[in-house]
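Engineer: Encoded as structure tokens, here's the structure I'll be asking about.
The values are calculated or read from the model by the stated rules, or taken from the named source; none is laboratory data. This is a predicted model, so every value here is computed, not measured. Glycine also receives a Cβ, built like all others from the backbone with ideal geometry; neighbour counts cover every protein chain displayed. Just so you know, the surface numbers come from the protein's heavy atoms only, side chains and all, with ligands and any DNA or RNA stripped out. Shrake-Rupley method; radii C 1.70, N 1.55, O 1.52, S 1.80 Å.
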Amino acid sequence: MRLRAYEKEDSPIIAKWLRTEKELYQWSADRYGFFPLEPYSIEEHYRPLMQSGRFIPLTMVDDGNNVTGHLIVRFPDENDDSSVRIGFVIVDPDLRGKGCGKELLKLTIAYIKENLPATRADLGVFVNNPKAARCYESVGFKEYGAHVIDTPFGKWDCIDLEMYL
């Protein structure tokens, strides 16, 4: 597996991985607000954000260049390059439970260390997604806070995790 820059053609592949509205909200919180996603909904959402240079979508591919995972890295504070937030973490449903999420995170941490000035990374995970939480913790993320997000399914508790690089 390797990490590469997100490409427009990744959008329909990733959109198909979001099979239910609950999965969409677990993946994106309240960022989209409609289900199902159209093939290029992700591209349309990302395009203006990418222009800042502070929003970096990344895609994991296998040796055959098949898309296997995806996430974004962004600088949440325009005046602070020391911290990044990882989000929109997703793995092909056929590959879940096989270590691909852990591999995606390890590759991303290495990418951040090698290419960005950040010394800290954080992310959020919903309490109702314990497998994702265990994956994040397995690569070294530790809980530092919590908040609540309104979804069509009610209020969801979200745990904030961080890692110092």
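Engineer: Sorted by mean Cβ packing within 10 Å, highest first, what order do the peptides 109-117, 157-165 take?
Structural biologist: Most protected by this proxy first, the peptides run 157-165, 109-117.
Engineer: For the stretch 1-64, rounded, prolate or oblate, judged on the Cα gyration tensor with a ≥ b ≥ c (square roots of eigenvalues), a/c < 1.5 rounded, else prolate if a/b > b/c?
Structural biologist: On the way: a/c = 1.89, a/b = 1.23, b/c = 1.54.
Oblate shape, in that a/c is at least 1.5 and b/c is the bigger or equal ratio.
Engineer: Let me ask you something else. Taking the solvent-accessible surface of protein heavy atoms with a 1.4 Å probe, what is the per residue accessible area of the chain in Å²?
Structural biologist: Spelled out: the 1.4 Å probe surface of the chain, per residue, equals 52 Å².
Engineer: For the stretch 13-59, with only Lys/Arg (+1) and Asp/Glu (-1) charged at the beta-carbon, what is the dipole magnitude about the Cα centre, in debye rounded to 20?
Structural biologist: Working: 6 positive and 6 negative charges, 28 e Å.
Dipole size: approximately 140 debye.
Engineer: Considering the convex hull of the alpha carbon atoms of the stretch 107-165, report its projected area averaged over all viewing directions, in nm², one decimal.
Structural biologist: On the way: hull surface 18.0 nm².
Over every viewing direction, the Cα hull of the stretch 107-165 projects on average to 4.5 nm².
Engineer: Counting only residues 5 or more places away or on other chains, whose amide H sits under 5 Å from the amide H of D92 once H atoms are built in the peptide plane?
Structural biologist: The answer is G69.
Engineer: Oh, and also: Can you give me the % of accessible surface on the chain that is carbon or sulfur? Probe 1.4 Å, all protein chains present, nothing else counted.
Structural biologist: Carbon with sulfur: 48 percent of the solvent-accessible area.
Engineer: When each pair of different Cα atoms in the stretch 1-107 is counted once in the 1/r mean, what is the Kirkwood radius in angstroms, to one decimal?
Structural biologist: It works out to 14.3 Å.
Engineer: Of Y40, L123, F88, which is farthest along the charge dipole of the stretch 8-127 in the positive direction, counting Lys and Arg as +1 and Asp and Glu as -1 at C-beta?
Structural biologist: Result: L123, furthest along the dipole toward the positive end.
Engineer: Take the alpha-carbon centre of the stretch 65-98, take the same for the stretch 1-56, and report the distance between them in whole Å.
Structural biologist: With the stretch 65-98 and the stretch 1-56 each reduced to a Cα centre, they are spaced 10 Å.
Engineer: Also, quick follow-up: Roughly speaking, what is the stretch gain from D77 to E143, that is 0.36 nm per residue apart minus the C-alpha to C-alpha distance, in nm to one decimal?
Structural biologist: Details: separation 66, 0.36 × 66 = 23.76 nm, distance 2.02 nm.
Length difference between fully extended and current span is 21.7 nm.
Engineer: State the number of lysine pairs found in the chain whose Cα atoms come within less than 16 Å, restricting to pairs 8 or more positions apart or on distinct chains.
Structural biologist: Count of close lysine pairs: 9.
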